[in-house]
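First the structure, in the form of C-alpha coordinates, and then the observations on it.
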Amino acid sequence: MAQQEGNNTDTTTNSTRLRIAVPVKEGFTEFVNVRRDQTTGELTASGFALDIFKAVVNSAMPYTVSFDFVPFARPNGSMNGSYDDMLQAVFSGDYDAAVGDITIRYYRTEWVDYSIAYSDTGVSMLVPLRLKAGDKPTSFFARLPDGLIGAAVGVCFITALVFWICHHKNTQKNAAAPGEITAGRTRLVIVLCFLMLVVVTTCLGSILISLQIAPKKIPLLDHHINDFIRDGKNIGYQTGSFVRNMLTQRGFSDSQLKSFSNVEQLLDLFSKGSSGGGIDAAIDETPYLKLFLTRHCNAYTLVPSANLHADGFGFAFRKEAHTDLVRDISIATLKVTNNDVQLRDIKERTIGDLDSCREDLNPEFDLIDWKPSMWILVAGIIGIVALMLIFCPVYFASLKVSNN
(Lines give C-alpha, C1' and ligand atoms only; values in the text may rest on other atoms or scores of the structure.)
Protein backbone atom coordinates (compact mmCIF):
# COMPACT_ATOMS: atom_id res chain seq x y z
CA MET A 1 0.00 0.00 0.00
CA ALA A 2 1.17 3.50 -0.82
CA GLN A 3 0.37 5.68 2.17
CA GLN A 4 -0.59 9.22 1.30
CA GLU A 5 -1.80 12.15 3.31
CA GLY A 6 -2.86 15.61 2.33
CA ASN A 7 -0.56 18.36 3.51
CA ASN A 8 -3.28 20.96 4.01
CA THR A 9 -2.65 22.86 7.23
CA ASP A 10 -6.34 23.29 8.11
CA THR A 11 -7.04 21.83 11.55
CA THR A 12 -10.22 20.07 10.36
CA THR A 13 -9.50 16.52 9.26
CA ASN A 14 -11.31 13.59 7.78
CA SER A 15 -10.90 11.01 10.54
CA THR A 16 -11.29 7.94 8.31
CA ARG A 17 -8.21 6.67 6.49
CA LEU A 18 -9.46 5.75 3.06
CA ARG A 19 -8.56 2.54 1.24
CA ILE A 20 -8.53 3.61 -2.40
CA ALA A 21 -8.45 1.03 -5.19
CA VAL A 22 -6.36 1.91 -8.22
CA PRO A 23 -6.35 -0.01 -11.52
CA VAL A 24 -3.25 -1.87 -12.68
CA LYS A 25 -2.62 -1.17 -16.36
CA GLU A 26 -0.27 -2.82 -18.84
CA GLY A 27 -0.45 0.04 -21.29
CA PHE A 28 -1.42 3.71 -21.43
CA THR A 29 0.40 4.12 -18.12
CA GLU A 30 0.55 7.86 -18.73
CA PHE A 31 -2.91 7.93 -17.14
CA VAL A 32 -2.36 5.43 -14.31
CA ASN A 33 0.99 3.86 -13.45
CA VAL A 34 1.15 1.61 -10.39
CA ARG A 35 4.41 -0.25 -9.77
CA ARG A 36 5.88 -2.08 -6.80
CA ASP A 37 9.63 -2.07 -6.20
CA GLN A 38 10.84 -5.68 -6.25
CA THR A 39 13.54 -4.95 -3.68
CA THR A 40 11.88 -2.73 -1.11
CA GLY A 41 8.26 -3.65 -1.82
CA GLU A 42 7.38 0.04 -1.92
CA LEU A 43 4.44 0.97 -4.12
CA THR A 44 4.69 3.95 -6.46
CA ALA A 45 1.52 5.39 -7.97
CA SER A 46 1.65 8.10 -10.62
CA GLY A 47 0.05 9.17 -13.87
CA PHE A 48 -2.39 11.87 -14.91
CA ALA A 49 -5.41 10.53 -12.98
CA LEU A 50 -3.52 9.87 -9.75
CA ASP A 51 -1.59 13.15 -9.91
CA ILE A 52 -4.87 15.04 -10.33
CA PHE A 53 -6.29 13.29 -7.25
CA LYS A 54 -3.19 14.03 -5.19
CA ALA A 55 -3.30 17.68 -6.27
CA VAL A 56 -6.97 17.86 -5.25
CA VAL A 57 -6.32 16.35 -1.83
CA ASN A 58 -3.01 18.07 -1.08
CA SER A 59 -3.68 21.59 -2.32
CA ALA A 60 -7.40 22.19 -2.71
CA MET A 61 -9.21 20.40 0.13
CA PRO A 62 -10.19 22.46 3.19
CA TYR A 63 -9.05 19.66 5.51
CA THR A 64 -6.58 16.79 5.55
CA VAL A 65 -7.60 13.53 3.91
CA SER A 66 -5.55 10.42 4.71
CA PHE A 67 -5.63 7.55 2.26
CA ASP A 68 -3.79 4.50 0.99
CA PHE A 69 -3.55 3.54 -2.66
CA VAL A 70 -4.28 -0.20 -2.96
CA PRO A 71 -3.71 -1.88 -6.34
CA PHE A 72 -6.78 -3.74 -7.60
CA ALA A 73 -4.65 -6.70 -8.56
CA ARG A 74 -4.29 -10.44 -8.34
CA PRO A 75 -1.35 -12.03 -6.47
CA ASN A 76 0.62 -12.13 -9.73
CA GLY A 77 0.26 -8.37 -10.08
CA SER A 78 -2.21 -8.28 -13.00
CA MET A 79 -5.51 -6.42 -12.95
CA ASN A 80 -8.14 -8.27 -10.93
CA GLY A 81 -10.90 -8.05 -13.53
CA SER A 82 -12.45 -5.07 -15.26
CA TYR A 83 -13.18 -1.52 -14.13
CA ASP A 84 -16.75 -2.61 -13.39
CA ASP A 85 -15.38 -5.33 -11.10
CA MET A 86 -13.29 -2.74 -9.28
CA LEU A 87 -16.29 -0.46 -8.74
CA GLN A 88 -18.39 -3.40 -7.54
CA ALA A 89 -15.63 -4.15 -5.00
CA VAL A 90 -15.99 -0.56 -3.78
CA PHE A 91 -19.74 -1.08 -3.51
CA SER A 92 -19.28 -4.30 -1.50
CA GLY A 93 -17.07 -2.48 1.01
CA ASP A 94 -13.67 -3.88 0.08
CA TYR A 95 -12.53 -0.31 -0.65
CA ASP A 96 -13.72 3.14 0.30
CA ALA A 97 -13.13 4.61 -3.13
CA ALA A 98 -11.53 4.03 -6.53
CA VAL A 99 -9.26 6.51 -8.28
CA GLY A 100 -7.92 6.32 -11.81
CA ASP A 101 -9.06 6.75 -15.39
CA ILE A 102 -12.59 5.73 -14.37
CA THR A 103 -15.30 6.81 -16.78
CA ILE A 104 -18.55 8.19 -15.43
CA ARG A 105 -21.37 5.94 -16.67
CA TYR A 106 -24.99 5.98 -15.59
CA TYR A 107 -25.25 2.27 -14.77
CA ARG A 108 -22.22 2.55 -12.48
CA THR A 109 -24.05 5.03 -10.24
CA GLU A 110 -25.85 2.02 -8.75
CA TRP A 111 -22.55 1.06 -7.13
CA VAL A 112 -20.69 4.32 -6.45
CA ASP A 113 -21.05 8.06 -6.02
CA TYR A 114 -18.99 10.00 -8.52
CA SER A 115 -17.21 13.26 -7.99
CA ILE A 116 -17.46 15.86 -10.71
CA ALA A 117 -15.49 14.92 -13.82
CA TYR A 118 -11.86 16.07 -13.76
CA SER A 119 -11.34 15.45 -17.49
CA ASP A 120 -13.50 15.26 -20.60
CA THR A 121 -13.31 12.08 -22.61
CA GLY A 122 -15.72 11.16 -25.39
CA VAL A 123 -15.55 8.05 -27.57
CA SER A 124 -13.91 7.98 -31.00
CA MET A 125 -12.93 5.53 -33.70
CA LEU A 126 -9.34 5.02 -34.83
CA VAL A 127 -8.83 3.91 -38.43
CA PRO A 128 -5.69 3.42 -40.52
CA LEU A 129 -4.75 5.80 -43.32
CA ARG A 130 -3.72 4.17 -46.56
CA LEU A 131 -4.79 3.92 -50.19
CA LYS A 132 -8.17 2.23 -50.23
CA ALA A 133 -7.91 -1.42 -51.19
CA GLY A 134 -9.14 -2.22 -54.70
CA ASP A 135 -9.03 1.36 -55.98
CA LYS A 136 -7.39 1.93 -59.34
CA PRO A 137 -4.64 4.55 -59.38
CA THR A 138 -5.94 7.85 -60.67
CA SER A 139 -4.27 9.39 -63.71
CA PHE A 140 -1.88 12.27 -63.39
CA PHE A 141 -4.21 14.70 -65.18
CA ALA A 142 -7.20 13.70 -63.06
CA ARG A 143 -5.32 14.62 -59.88
CA LEU A 144 -4.26 18.07 -61.05
CA PRO A 145 -6.16 21.05 -59.61
CA ASP A 146 -9.04 22.38 -61.68
CA GLY A 147 -7.88 24.94 -64.23
CA LEU A 148 -4.17 24.19 -63.85
CA ILE A 149 -3.80 22.68 -67.33
CA GLY A 150 -5.67 25.59 -68.90
CA ALA A 151 -3.50 28.07 -67.01
CA ALA A 152 -0.30 26.36 -68.18
CA VAL A 153 -1.50 26.32 -71.81
CA GLY A 154 -2.47 29.99 -71.53
CA VAL A 155 0.96 30.95 -70.20
CA CYS A 156 2.68 29.06 -73.04
CA PHE A 157 0.45 30.85 -75.57
CA ILE A 158 1.31 34.24 -74.08
CA THR A 159 5.02 33.37 -74.18
CA ALA A 160 4.83 32.29 -77.83
CA LEU A 161 2.89 35.45 -78.70
CA VAL A 162 5.47 37.68 -77.04
CA PHE A 163 8.38 36.02 -78.88
CA TRP A 164 6.49 36.18 -82.23
CA ILE A 165 5.80 39.91 -81.82
CA CYS A 166 9.43 40.58 -80.91
CA HIS A 167 10.60 38.65 -83.97
CA HIS A 168 8.04 40.34 -86.24
CA LYS A 169 9.08 43.82 -85.13
CA ASN A 170 12.74 43.06 -85.63
CA THR A 171 12.01 41.71 -89.11
CA GLN A 172 10.12 44.87 -90.08
CA LYS A 173 12.96 47.09 -88.86
CA ASN A 174 15.72 44.92 -90.27
CA ALA A 175 16.73 47.61 -92.79
CA ALA A 176 17.14 50.30 -90.15
CA ALA A 177 19.40 49.86 -87.13
CA PRO A 178 17.32 49.99 -83.89
CA GLY A 179 18.11 52.58 -81.32
CA GLU A 180 19.45 51.94 -77.84
CA ILE A 181 16.02 52.40 -76.25
CA THR A 182 14.37 49.85 -78.56
CA ALA A 183 17.18 47.33 -78.06
CA GLY A 184 17.01 47.71 -74.28
CA ARG A 185 13.26 47.24 -74.25
CA THR A 186 13.57 44.11 -76.39
CA ARG A 187 16.16 42.61 -74.03
CA LEU A 188 13.90 43.35 -71.04
CA VAL A 189 10.96 41.59 -72.70
CA ILE A 190 13.09 38.54 -73.49
CA VAL A 191 14.36 38.36 -69.89
CA LEU A 192 10.78 38.53 -68.56
CA CYS A 193 9.69 35.76 -70.91
CA PHE A 194 12.51 33.49 -69.81
CA LEU A 195 11.66 34.24 -66.18
CA MET A 196 8.06 33.29 -66.89
CA LEU A 197 9.12 29.96 -68.40
CA VAL A 198 11.35 29.21 -65.40
CA VAL A 199 8.46 29.85 -63.00
CA VAL A 200 6.07 27.61 -64.96
CA THR A 201 8.62 24.80 -65.26
CA THR A 202 9.52 24.92 -61.56
CA CYS A 203 5.89 24.90 -60.41
CA LEU A 204 4.86 22.01 -62.64
CA GLY A 205 7.94 20.08 -61.55
CA SER A 206 7.18 20.55 -57.86
CA ILE A 207 3.57 19.48 -58.39
CA LEU A 208 4.66 16.35 -60.24
CA ILE A 209 7.07 15.43 -57.42
CA SER A 210 4.39 15.97 -54.77
CA LEU A 211 2.04 13.69 -56.70
CA GLN A 212 4.67 10.95 -56.64
CA ILE A 213 5.81 11.16 -53.01
CA ALA A 214 2.54 12.17 -51.32
CA PRO A 215 -0.30 10.13 -52.77
CA LYS A 216 -3.81 10.89 -51.68
CA LYS A 217 -4.69 9.10 -48.46
CA ILE A 218 -8.10 8.34 -47.07
CA PRO A 219 -9.36 6.29 -44.13
CA LEU A 220 -9.31 2.67 -45.21
CA LEU A 221 -12.90 1.92 -44.28
CA ASP A 222 -16.23 3.62 -44.01
CA HIS A 223 -16.56 4.76 -40.42
CA HIS A 224 -20.23 3.98 -39.79
CA ILE A 225 -20.50 1.41 -37.03
CA ASN A 226 -23.46 -0.31 -38.71
CA ASP A 227 -21.28 -0.99 -41.74
CA PHE A 228 -18.77 -2.85 -39.55
CA ILE A 229 -21.57 -4.94 -38.08
CA ARG A 230 -23.05 -5.72 -41.51
CA ASP A 231 -19.70 -6.56 -43.12
CA GLY A 232 -18.47 -8.63 -40.17
CA LYS A 233 -15.39 -6.44 -39.63
CA ASN A 234 -13.53 -6.70 -36.34
CA ILE A 235 -13.25 -3.84 -33.84
CA GLY A 236 -10.65 -3.35 -31.12
CA TYR A 237 -11.34 -2.12 -27.59
CA GLN A 238 -9.17 -1.58 -24.54
CA THR A 239 -9.11 -4.44 -22.04
CA GLY A 240 -11.41 -3.83 -19.07
CA SER A 241 -13.19 -0.89 -20.68
CA PHE A 242 -16.94 -0.29 -20.69
CA VAL A 243 -16.64 0.06 -24.47
CA ARG A 244 -17.03 -3.70 -24.89
CA ASN A 245 -20.51 -3.62 -23.34
CA MET A 246 -21.37 -0.60 -25.46
CA LEU A 247 -20.38 -2.43 -28.66
CA THR A 248 -22.25 -5.63 -27.79
CA GLN A 249 -25.36 -3.54 -27.14
CA ARG A 250 -24.96 -2.04 -30.61
CA GLY A 251 -25.05 -5.52 -32.18
CA PHE A 252 -21.42 -6.66 -32.43
CA SER A 253 -20.81 -10.34 -31.84
CA ASP A 254 -18.14 -11.51 -29.40
CA SER A 255 -16.07 -12.87 -32.29
CA GLN A 256 -15.84 -9.37 -33.81
CA LEU A 257 -14.43 -7.77 -30.66
CA LYS A 258 -10.68 -7.95 -30.03
CA SER A 259 -9.10 -6.54 -26.87
CA PHE A 260 -5.76 -4.76 -26.52
CA SER A 261 -3.91 -3.64 -23.40
CA ASN A 262 -1.15 -1.47 -24.84
CA VAL A 263 0.01 0.31 -27.97
CA GLU A 264 2.08 -2.63 -29.21
CA GLN A 265 -0.91 -4.98 -29.12
CA LEU A 266 -3.04 -2.39 -30.91
CA LEU A 267 -0.48 -2.04 -33.70
CA ASP A 268 -0.26 -5.82 -34.03
CA LEU A 269 -4.05 -6.11 -34.39
CA PHE A 270 -4.10 -3.39 -37.06
CA SER A 271 -1.30 -5.10 -38.99
CA LYS A 272 -3.30 -8.33 -39.23
CA GLY A 273 -6.64 -6.83 -40.23
CA SER A 274 -9.97 -8.59 -39.86
CA SER A 275 -9.01 -11.23 -42.41
CA GLY A 276 -6.00 -12.23 -40.29
CA GLY A 277 -7.73 -12.26 -36.93
CA GLY A 278 -6.93 -8.62 -36.20
CA ILE A 279 -8.99 -5.45 -36.50
CA ASP A 280 -9.86 -2.79 -39.05
CA ALA A 281 -10.72 -0.10 -36.48
CA ALA A 282 -10.47 0.56 -32.75
CA ILE A 283 -13.09 2.24 -30.59
CA ASP A 284 -12.03 3.72 -27.29
CA GLU A 285 -12.21 6.88 -25.25
CA THR A 286 -10.69 9.79 -27.10
CA PRO A 287 -7.77 10.59 -24.71
CA TYR A 288 -6.26 7.11 -25.17
CA LEU A 289 -6.53 7.29 -28.95
CA LYS A 290 -5.07 10.81 -29.01
CA LEU A 291 -2.14 9.53 -26.96
CA PHE A 292 -1.68 6.78 -29.55
CA LEU A 293 -1.78 9.34 -32.37
CA THR A 294 1.02 11.41 -30.82
CA ARG A 295 3.34 8.55 -31.82
CA HIS A 296 1.62 7.37 -35.02
CA CYS A 297 0.18 10.55 -36.49
CA ASN A 298 0.90 9.85 -40.17
CA ALA A 299 -0.52 6.34 -40.32
CA TYR A 300 -3.89 6.67 -38.52
CA THR A 301 -6.67 9.16 -38.08
CA LEU A 302 -9.39 9.77 -35.50
CA VAL A 303 -13.06 9.76 -36.44
CA PRO A 304 -15.42 11.26 -33.85
CA SER A 305 -18.72 9.49 -33.37
CA ALA A 306 -21.97 11.28 -32.60
CA ASN A 307 -23.56 7.96 -31.61
CA LEU A 308 -21.02 7.01 -28.92
CA HIS A 309 -20.20 9.18 -25.96
CA ALA A 310 -18.74 9.16 -22.45
CA ASP A 311 -19.14 11.59 -19.59
CA GLY A 312 -15.54 12.08 -18.53
CA PHE A 313 -13.18 10.69 -15.89
CA GLY A 314 -14.23 10.98 -12.25
CA PHE A 315 -13.35 9.71 -8.77
CA ALA A 316 -15.66 7.00 -7.38
CA PHE A 317 -16.65 6.58 -3.70
CA ARG A 318 -18.71 3.91 -1.97
CA LYS A 319 -22.35 4.78 -2.46
CA GLU A 320 -23.91 6.94 0.27
CA ALA A 321 -20.95 6.35 2.59
CA HIS A 322 -18.97 9.56 2.03
CA THR A 323 -21.53 12.10 0.85
CA ASP A 324 -19.85 15.16 2.38
CA LEU A 325 -16.43 14.04 1.18
CA VAL A 326 -17.68 13.55 -2.38
CA ARG A 327 -19.10 17.08 -2.34
CA ASP A 328 -15.85 18.56 -1.01
CA ILE A 329 -13.75 16.53 -3.47
CA SER A 330 -15.90 17.83 -6.35
CA ILE A 331 -15.42 21.45 -5.26
CA ALA A 332 -11.68 20.90 -4.85
CA THR A 333 -11.52 19.23 -8.26
CA LEU A 334 -13.04 22.33 -9.85
CA LYS A 335 -10.39 24.42 -8.11
CA VAL A 336 -7.58 22.32 -9.59
CA THR A 337 -9.01 21.97 -13.11
CA ASN A 338 -9.64 25.72 -13.29
CA ASN A 339 -6.04 26.45 -12.33
CA ASP A 340 -4.47 26.54 -15.78
CA VAL A 341 -0.89 26.61 -14.52
CA GLN A 342 -1.32 23.65 -12.17
CA LEU A 343 -3.27 21.61 -14.72
CA ARG A 344 -0.75 22.30 -17.47
CA ASP A 345 2.11 21.23 -15.20
CA ILE A 346 0.38 17.91 -14.44
CA LYS A 347 -0.32 17.26 -18.12
CA GLU A 348 3.24 18.06 -19.19
CA ARG A 349 4.77 15.52 -16.82
CA THR A 350 2.22 12.78 -17.56
CA ILE A 351 0.23 12.71 -20.81
CA GLY A 352 1.80 15.65 -22.64
CA ASP A 353 -0.01 17.50 -25.43
CA LEU A 354 -2.70 15.15 -26.71
CA ASP A 355 -3.53 17.55 -29.56
CA SER A 356 -0.03 17.50 -31.05
CA CYS A 357 -1.35 15.40 -33.94
CA ARG A 358 -3.77 17.82 -35.56
CA GLU A 359 -5.07 15.50 -38.24
CA ASP A 360 -7.83 16.57 -40.58
CA LEU A 361 -10.92 14.55 -39.62
CA ASN A 362 -12.48 14.91 -43.06
CA PRO A 363 -12.89 11.41 -44.52
CA GLU A 364 -11.35 12.55 -47.80
CA PHE A 365 -8.39 14.83 -47.50
CA ASP A 366 -5.40 15.48 -49.68
CA LEU A 367 -1.86 15.71 -48.38
CA ILE A 368 -0.59 17.53 -51.47
CA ASP A 369 0.14 21.22 -51.13
CA TRP A 370 -1.16 22.95 -54.23
CA LYS A 371 0.22 26.37 -53.30
CA PRO A 372 3.05 26.14 -55.89
CA SER A 373 0.42 26.12 -58.62
CA MET A 374 -0.49 29.67 -57.63
CA TRP A 375 2.79 30.76 -59.15
CA ILE A 376 1.28 29.94 -62.54
CA LEU A 377 -0.77 33.08 -62.00
CA VAL A 378 2.42 35.02 -61.34
CA ALA A 379 3.87 33.74 -64.60
CA GLY A 380 0.75 34.88 -66.44
CA ILE A 381 1.08 38.35 -64.91
CA ILE A 382 4.70 38.49 -66.07
CA GLY A 383 3.56 37.64 -69.61
CA ILE A 384 0.91 40.38 -69.54
CA VAL A 385 3.53 42.90 -68.38
CA ALA A 386 5.79 41.82 -71.24
CA LEU A 387 2.97 42.35 -73.75
CA MET A 388 2.30 45.79 -72.29
CA LEU A 389 5.97 46.71 -72.70
CA ILE A 390 5.62 45.83 -76.40
CA PHE A 391 2.22 47.28 -77.27
CA CYS A 392 2.24 50.45 -75.17
CA PRO A 393 5.21 52.06 -76.99
CA VAL A 394 3.67 51.09 -80.33
CA TYR A 395 0.33 52.57 -79.32
CA PHE A 396 1.79 55.85 -78.08
CA ALA A 397 4.02 56.11 -81.17
CA SER A 398 1.02 55.64 -83.49
CA LEU A 399 -0.98 58.14 -81.43
CA LYS A 400 1.84 60.69 -81.75
CA VAL A 401 1.99 60.21 -85.52
CA SER A 402 -1.78 60.68 -85.88
CA ASN A 403 -1.68 63.86 -83.83
CA ASN A 404 1.10 65.29 -85.98
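The values are calculated or read from the model by the stated rules, or taken from the named source; none is laboratory data. Since this is a predicted model, take the numbers as computed values, not measurements. Quick reminder, even Gly has a Cβ in these numbers, built from the backbone with ideal geometry, and neighbours come from all protein chains shown. Areas reflect the complete protein model, heavy atoms only, side chains present, ligands, DNA and RNA absent. Shrake-Rupley method; radii C 1.70, N 1.55, O 1.52, S 1.80 Å.
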**Message:** So if each residue of separation counts as 0.36 nm, and I subtract the Cα-Cα distance between Ile331 and Glu26, what length gain in nm does that give?
**Reply:** 106.6 nm
**Fill in**
The extension gain from Tyr106 to Glu348, computed as 0.36 nm times the residue separation minus the Cα-Cα distance, is 84.0 nm
**Asked** Rounded to the nearest 10 Å², what accessible area does Arg105 show when all protein chains are kept and the probe is 1.4 Å?
**Response** 40 Å²
**Prompt:** Residues with beta-carbon under 14 Å from that of Gln238, excluding Gln238: net charge, scoring Lys, Arg +1 and Asp, Glu -1?
**Reply:** -3
**Item:** Local net charge near Phe48, Cβ-Cβ under 10 Å (Lys/Arg +1, Asp/Glu -1)
**Value:** -1
**Prompt:** Lys25's amide H: which non-local residues (gap 5+, or another chain) put their own amide H closer than 5 Å, with H modeled 1.01 Å from N in plane and none for Pro or chain starts?
**Reply:** Val34
**Request:** Output ³J(HN,Hα) for segment 257-271: one whole-Hz value per residue in order, computed from phi by the Karplus curve 6.51 cos²θ - 1.76 cosθ + 1.60 with θ = phi - 60°, and x for Gly and Pro.
**Result:** 9, 10, 8, 9, 10, 8, 5, 4, 5, 5, 4, 5, 5, 5, 5
**Request:** At 7 Å along the Cα-to-beta-carbon direction for both His309 and Asn226, put a label point, then send me their distance in nm to one decimal.
**Result:** 2.0 nm
**Prompt:** Between Cys297 and Ser59, what length comes free when the chain is fully extended (0.36 nm per residue of separation minus the Cα-Cα distance, one decimal in nm)?
**Reply:** 82.1 nm
**segment 232-343 - Debye-derived log10 I(q)/I(0), Cα point model, q = 0.16, 0.21 Å⁻¹** = -0.86, -1.14
**Asked** Which order do Lys258, Lys25 take when ranked by solvent-accessible area (1.4 Å probe, heavy atoms of all protein chains), largest first?
**Response** Lys258, Lys25
**Item:** Candidate residues Met86, Met79: accessible-area rank, largest first, probe 1.4 Å
**Value:** Met79, Met86
**Asked** What residues qualify as long-range amide H neighbours of His296, i.e. H under 5 Å apart, gap of 5 or more or another chain, H built at 1.01 Å from N?
**Response** none
**Item:** Long-range amide H partners of Ile116 with built H, under 5 Å
**Value:** Ser330
**Message:** Taking θ = phi - 60°, what integer Hz values does the Karplus form 6.51 cos²θ - 1.76 cosθ + 1.60 yield along segment 245-256, in sequence order, with x for Gly and Pro?
**Reply:** 4, 4, 6, 5, 5, 7, x, 6, 7, 4, 5, 7
